[in-house]
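I have placed the structure first, in the form of structure tokens, so that the comments after it can refer back to it.
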Amino acid sequence: MFEKILIANRGEIACRVMKTARRMGIRTVAVYSEADVDALHVSLADEAVCIGPAPAVDSYLAIDRIIAACRETSAQAVHPGYGFLSENAEFATRLEDEGIVFVGPKPHAIRCMGDKITSKKLADYASVNTIPGYSDEIKNAEHAVEIANDVGYPVMIKASAGGGGKGMRIAYDDDDCRDGFDRATNEARTAFGDERVFIEKYIEEPRHIEIQVLADSHGNTIYLGERECSLQRRHQKVIEEAPSPFLDDATRKAMGEQAVALAQAVEYQSAGTVEFIVDASRNFYFLEMNTRLQVEHPVTELVTGLDLVEMMLRVAAKEPLPLAQHEVTVTGWAIEARVYAEDPFRNFLPSVGRLVRYLPPPDSDCVRVDTGVYEGSEVSIHYDPMIAKVVTRGATRDSAIAHMRSALNEFCIRGLSHNVSFLAALVDDARFREGRIDTTLIGKAYPNGFSPSDVVHDDPALLIVVAASIHRRYMDRAANISDQLPGFEREVPDKWVVVMDAAHHPVRVQPLDTGAGHVVEYGGEHYEVLSEWQFGQALFRGTIDGNEVCIQVERRNMKYRLIHWGSQLDVMVLSARAAELLACMPVKQPPDMSKFLLSPMPGLLTQSLVSQGDEVKAGQSLIVLEAMKMENVLHAERDGKVGEVLAAVGDTLAVDQPILEFE
């Protein structure tokens, strides 16, 4: 076994690999960019080497610098994680030439499977079911339209070297196809340095189900069951689970055997994933093979009991697989939710900033959190916006879902926007709970985007009661301040008004004789609130009438921000007179910014498609922003004329920064 390995990655996956390496007694080397000098993976490693400035092309994608770090630290092997160089055949070849082991498949397998056109031809050769389409290189947009008409709309335009939802567009007609071809090729060129795309039939209402395979250098190849990855937004996986609630044993076996056949066709070694599209009749078609560890690999680990990183390291060290196909067992259920720095209430635009407060749910037998950040660290525009992965397991699917709801409810993040409320809404959706999911579910559930109205609390009385109890604690503390004038000691009244969503809710709050809580009278009911919550704690844990509750609490001047089951409410607790006067206060109107095009997200301005004095039409493309490795096009909302250009190509923009002013 190796004595020292280098992890050619960052963030959550680098920390994940280090955890297994440490357990196996293997020393680790981290590489980092100048932007990541204080990153968690740097502090967790035994050694760390800076490999360049913030842009990934000058650091995490710089092969020469990573090889130099291997030489400097005498690392015997490199684990690439996922993303960056993990599926780069040139990188694997260069390491091989240097006598350094690449913890992954051989360059030939990476090259064949990394090119979607070649991989589809190989799948046909290995008798793997494939989607109808055109696998050769497409010359231009008109050629794409011709092919799309032959295949039949709708079609999917996909980057040949792509992955992670980048370089993908769905086209329903010729205009969609032309625009999709241009956008897909541009995005593919930016993300992968390869602008080639191909076209295949788009299967409507599909499920995305993938098979995990393991293969060693001794000719042994097995599959470890499937993962259901159908909950996706913009082709990006959001929630994954194992096993799939849709497959039957016969389909599972057939998919597994075809995945193994494909792996054997390219003499695959290491962990890999064969992805399939499955229709409503359980017909399945090969989509692609990822020649690396998947983001969602933890769900497979939790139901099989296998550490996939350990398996990869052992295979790379020429050890045979420790089990045969008949020894693979799948027990229970596991679900993974990806926590991202993005604002679900602003069309999931990326969010950057410092994690002022970061309290993930604690690891337990039922909950696992893989993360690459800590309280005080920063999420920047340079890299993927993933904050953490929450993984839960249970004996049944319902049990795993219940653990996920509780874990998300406890996940406290402050300082930037995040998608926890969106995840909470998804796992509580009736269609998800019943297993009635496909890749179109999110679009159908939120056709107009995700909004606060999608996470309305089903029991607002609970939040009102907790707010009243917390406020009474603050008032009691203020009343007990030392050195008050004799005879003028502050008295705390029992009656208050909770102001929530502009509605006034009278309450009465009295301390319990035990001193550990309060009795809150609201709406004609009495609630006994017991808690050992202390001032400043982010989580209010306790019971209400004997039922356990956990609510996130943040005091914001006169308001209390309460977060529970994904819903977020700002409330005030006032005297009756103060509440009466509050209703008379004027509301400050926001400034009129209708004449400006504002940056909806932090990002890099890569293209300016208009100039001062240009006439523009509604829907016209104006600006291209690159953020979190994705290309975003800003369009004109109405006809107008460009008065002034306020930002230039190459500028790094902040949220709501003016880019154009219209006359």
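Checking Ala92 against (1) crowded, with 24+ Cβ neighbours inside 10 Å; (2) of a type in the set (Gly, Ala, Ser); (3) touching a residue at least 24 places away in the same chain (Cβ under 8 Å), which test does it fail?
(3)
Could you look through the stretch 527-552, keep only residues that are buried (at least 16 other Cβ atoms within 10 Å of the Cβ) and among the polar types (S, T, N, Q), and pick out the one that is nearest to Gly517 (Cα to Cα)?
Out of the qualifying residues, it is Ser531.
Could you tell me which of the residues Val571, Val655 is among the β-branched types (Val, Ile, Thr) and within 30 Å of Ser406 (Cα to Cα)?
Residue meeting the stated conditions: Val571.
On the given criteria, is Arg577 at pLDDT 90 or above, surrounded by fewer than 18 Cβ atoms within 10 Å (Cβ to Cβ), over 30 Å from Phe662 (Cα atoms) and more than 35 Å from the chain's Cα centre (by Cα)?
On the way: at pLDDT 90 or above: yes; surrounded by fewer than 18 Cβ atoms within 10 Å (Cβ to Cβ): yes; over 30 Å from Phe662 (Cα atoms): yes; more than 35 Å from the chain's Cα centre (by Cα): yes.
Taking the combined requirement at face value, the residue satisfies it.
Quick one: Leu247 ticks every box in (1) over 16 Å from Ile211 (Cβ atoms); (2) touching an Asp or Glu at 6+ places or on another chain (Cβ under 8 Å) bar one, so which box is it?
For Leu247, the exception is condition (1).
Among the residues of the stretch 553-564, count how many are exposed (fewer than 15 other Cβ atoms within 10 Å of the Cβ) and among the acidic types (Asp, Glu).
0
Regarding the stretch 398-411, can at least one residue be identified that is in a strand (DSSP E or B) and charged (D, E, K, R)? Quick ask: steps written out before the conclusion?
Step one: filter the stretch 398-411 for residues in a strand (DSSP E or B), giving none.
No, because not a single residue in the stretch 398-411 is in a strand (DSSP E or B) and charged (D, E, K, R).
So which residues in the stretch 164-186 are among the aliphatic types (A, V, I, L, M) and within 17 Å of Glu204 (Cβ to Cβ), if there are any at all?
Of all residues in the stretch 164-186, those among the aliphatic types (A, V, I, L, M) come to 168, 170-171, 184.
Listed by number, the residues that qualify are Met168, Ile170, Ala171.
What residue, among those in the stretch 127-137 that are in a loop (DSSP other than H, G, I, E, B) and touching a strand residue (DSSP E or B) at 6+ places or on another chain (Cβ under 6 Å), is farthest from Arg178 (Cα to Cα)?
Step one: of the stretch 127-137, the residues in a loop (DSSP other than H, G, I, E, B) are 127-129, 131-132, 135-137.
Next, only the ones that are touching a strand residue (DSSP E or B) at 6+ places or on another chain (Cβ under 6 Å) stay: 128-129, 131-132, 135.
Details: Val128: 30, Asn129: 28, Ile131: 22, Pro132: 20, Ser135: 18 Å.
Top of the filtered list is Val128.
Give me a count of the residues in the stretch 233-263 that are out of contact with any Lys or Arg (no Cβ under 8 Å at 6 or more places or on another chain) and either in a loop (DSSP other than H, G, I, E, B) or at pLDDT 95 or above (or both). Walk me through it before giving the result.
Keep residues of the stretch 233-263 that are out of contact with any Lys or Arg (no Cβ under 8 Å at 6 or more places or on another chain), which gives 233-236, 249-250, 252-263.
Going one step further and asking which of them are either in a loop (DSSP other than H, G, I, E, B) or at pLDDT 95 or above (or both), we end up with 234-235, 249-250, 252-263.
Qualifying residue count, the stretch 233-263: 16.
Only one residue in Thr190, Thr185 is at pLDDT below 90 and closer than 23 Å to Val57 by Cβ, so which one is that? Show your work before the answer.
Numbers: Thr185 fails: at pLDDT below 90.
From the options Thr190, Thr185, the qualifying one is Thr190.
In the set Leu355, Leu416, Leu426, which member is modelled with pLDDT under 95 and of a type outside the set (Lys, Arg)? Give the steps one after another, and end with the answer.
Working: Leu355 fails: modelled with pLDDT under 95; Leu426 fails: modelled with pLDDT under 95.
That would be Leu416, the only listed residue that is modelled with pLDDT under 95 and of a type outside the set (Lys, Arg).
Within the stretch 374-387, how many residues are at pLDDT 95 or above and either on the phi > 0 side of the Ramachandran plot or crowded, with 23+ Cβ neighbours inside 10 Å (or both)?
2
How many residues does the stretch 126-160 contain that are closer than 19 Å to Thr185 by Cα and either within 31 Å of the chain's Cα centre (by Cα) or not hydroxyl-bearing (Ser, Thr, Tyr) (or both)? Steps first, answer last, please.
Just the residues of the stretch 126-160 that are closer than 19 Å to Thr185 by Cα, to begin with: 133-148, 154-160.
Still in the list and also either within 31 Å of the chain's Cα centre (by Cα) or not hydroxyl-bearing (Ser, Thr, Tyr) (or both): 133, 135-148, 154-160.
Of the residues in the stretch 126-160, 22 are closer than 19 Å to Thr185 by Cα and either within 31 Å of the chain's Cα centre (by Cα) or not hydroxyl-bearing (Ser, Thr, Tyr) (or both).
Can you pull out every residue in the stretch 562-576 that is under 20 Å from His518 (Cβ atoms) and in a strand (DSSP E or B)? Show your work before the answer.
Within the stretch 562-576, the subset under 20 Å from His518 (Cβ atoms) is 562, 564, 569, 571-576.
Selection gives Leu562, His564, Leu569, Val571, Met572, Val573, Leu574.
Select, from Phe198, Phe286, Phe276, the only residue that is in contact with a Ser or Thr (Cβ under 6 Å, 6 or more places away or on another chain) and closer than 24 Å to Ile437 by Cα.
Just a single option satisfies the conditions, and that option is Phe286.
Applying the selection to the stretch 321-349, what residues are of a type in the set (Asp, Glu) and closer than 22 Å to Asp363 by Cβ?
Initially, the stretch 321-349 is screened for residues of a type in the set (Asp, Glu), giving 327, 336, 342-343.
Passing the criteria: only Glu336.
Can you find, within the stretch 264-283, the residue that is surrounded by the fewest Cβ atoms within 10 Å (Cβ to Cβ) among those that are hydrophobic (A, V, I, L, M, F, W, C) and touching a Leu at 6+ places or on another chain (Cβ under 9 Å)?
So the first thing to find is which residues in the stretch 264-283 are hydrophobic (A, V, I, L, M, F, W, C), and the list is 265-266, 271, 274, 276-278, 280.
Then drop every residue that is not touching a Leu at 6+ places or on another chain (Cβ under 9 Å), which leaves 265-266, 271, 274, 276-278.
Details: Ala265: 17, Val266: 23, Ala271: 26, Val274: 28, Phe276: 24, Ile277: 23, Val278: 24.
Applying the filter and picking the extreme gives Ala265.
Would you say Arg368 is charged (D, E, K, R), outside the structural domain of Pro602 (by TED's automatic domain parsing), in a strand (DSSP E or B) and surrounded by 21 or more Cβ atoms within 10 Å (Cβ to Cβ)?
On the way: charged (D, E, K, R): yes; outside the structural domain of Pro602 (by TED's automatic domain parsing): yes; in a strand (DSSP E or B): yes; surrounded by 21 or more Cβ atoms within 10 Å (Cβ to Cβ): no.
So Arg368 does not fit the description; no.
So which of Glu626, Glu661 ends up being among the acidic types (Asp, Glu), surrounded by 14 or more Cβ atoms within 10 Å (Cβ to Cβ), touching a strand residue (DSSP E or B) at 6+ places or on another chain (Cβ under 7 Å) and within 17 Å of Gly603 (Cα to Cα)? Step through it out loud before you land on a result.
Values: Glu661 fails: within 17 Å of Gly603 (Cα to Cα).
Only one candidate qualifies: Glu626.
Residues that are touching a helix residue (DSSP H, G or I) at 6+ places or on another chain (Cβ under 8 Å), at pLDDT 85 or above and not in a helix (DSSP H, G or I): does the stretch 113-125 have at least one?
Within the stretch 113-125, none of the residues are touching a helix residue (DSSP H, G or I) at 6+ places or on another chain (Cβ under 8 Å), at pLDDT 85 or above and not in a helix (DSSP H, G or I).
Check every one of the strands (runs of 3 or more DSSP E) wholly within the stretch 605-663 and list those with 1 or more residues that are within 21 Å of Arg169 (Cα to Cα).
Numbers: elements: 621-627, 630-635, 640-645, 658-662.
The strands (runs of 3 or more DSSP E) meeting that bar are 621-627, 630-635.
Would you tally the residues in the stretch 138-159 being among the hydrophobic types (A, V, I, L, M, F, W, C) and part of a strand (DSSP E or B)?
So the first thing to find is which residues in the stretch 138-159 are among the hydrophobic types (A, V, I, L, M, F, W, C), and the list is 138, 141, 144-145, 147-148, 151, 155-157, 159.
Filter again for part of a strand (DSSP E or B), leaving 155-157, 159.
Qualifying residue count for the region: 4.
Check the stretch 194-211 and report whether any residue there is at pLDDT 95 or above and touching a His at 6+ places or on another chain (Cβ under 8 Å). Reasoning before the result, please.
Quick first cut of the stretch 194-211, residues at pLDDT 95 or above only: 207-211.
From what's left, touching a His at 6+ places or on another chain (Cβ under 8 Å): none.
Checking the stretch 194-211: not a single residue is at pLDDT 95 or above and touching a His at 6+ places or on another chain (Cβ under 8 Å).
Looking only at residues in the stretch 17-33 that are assigned to a helix (DSSP H, G or I), touching a residue at least 40 places away in the same chain (Cβ under 8 Å) and touching a helix residue (DSSP H, G or I) at 6+ places or on another chain (Cβ under 7 Å), which one is farthest from Ala92 (Cα to Cα)?
Top of the filtered list is Thr20.
Yes or no: the stretch 201-216 includes at least one residue that is touching a Pro at 6+ places or on another chain (Cβ under 9 Å), under 23 Å from Ser86 (Cα atoms) and in a loop (DSSP other than H, G, I, E, B).
Yes: one or more hits.
May I ask you to list pairs of residues, at least six apart or on different chains, whose Cβ atoms are under 8 Å apart, with the first in the stretch 571-589 being on the phi < 0 side of the Ramachandran plot and of a type outside the set (Lys, Arg) and the second being surrounded by 10 or more Cβ atoms within 10 Å (Cβ to Cβ) and in a loop (DSSP other than H, G, I, E, B)?
From the stretch 571-589, the pairs are Met572/Met558; Ser575/Pro493.
The values are calculated or read from the model by the stated rules, or taken from the named source; none is laboratory data. Given the structure is predicted, the values throughout are model-derived calculations rather than measurements. Note: ideal-geometry Cβ built from the backbone for every residue, glycine included; neighbour counts use all protein chains shown.
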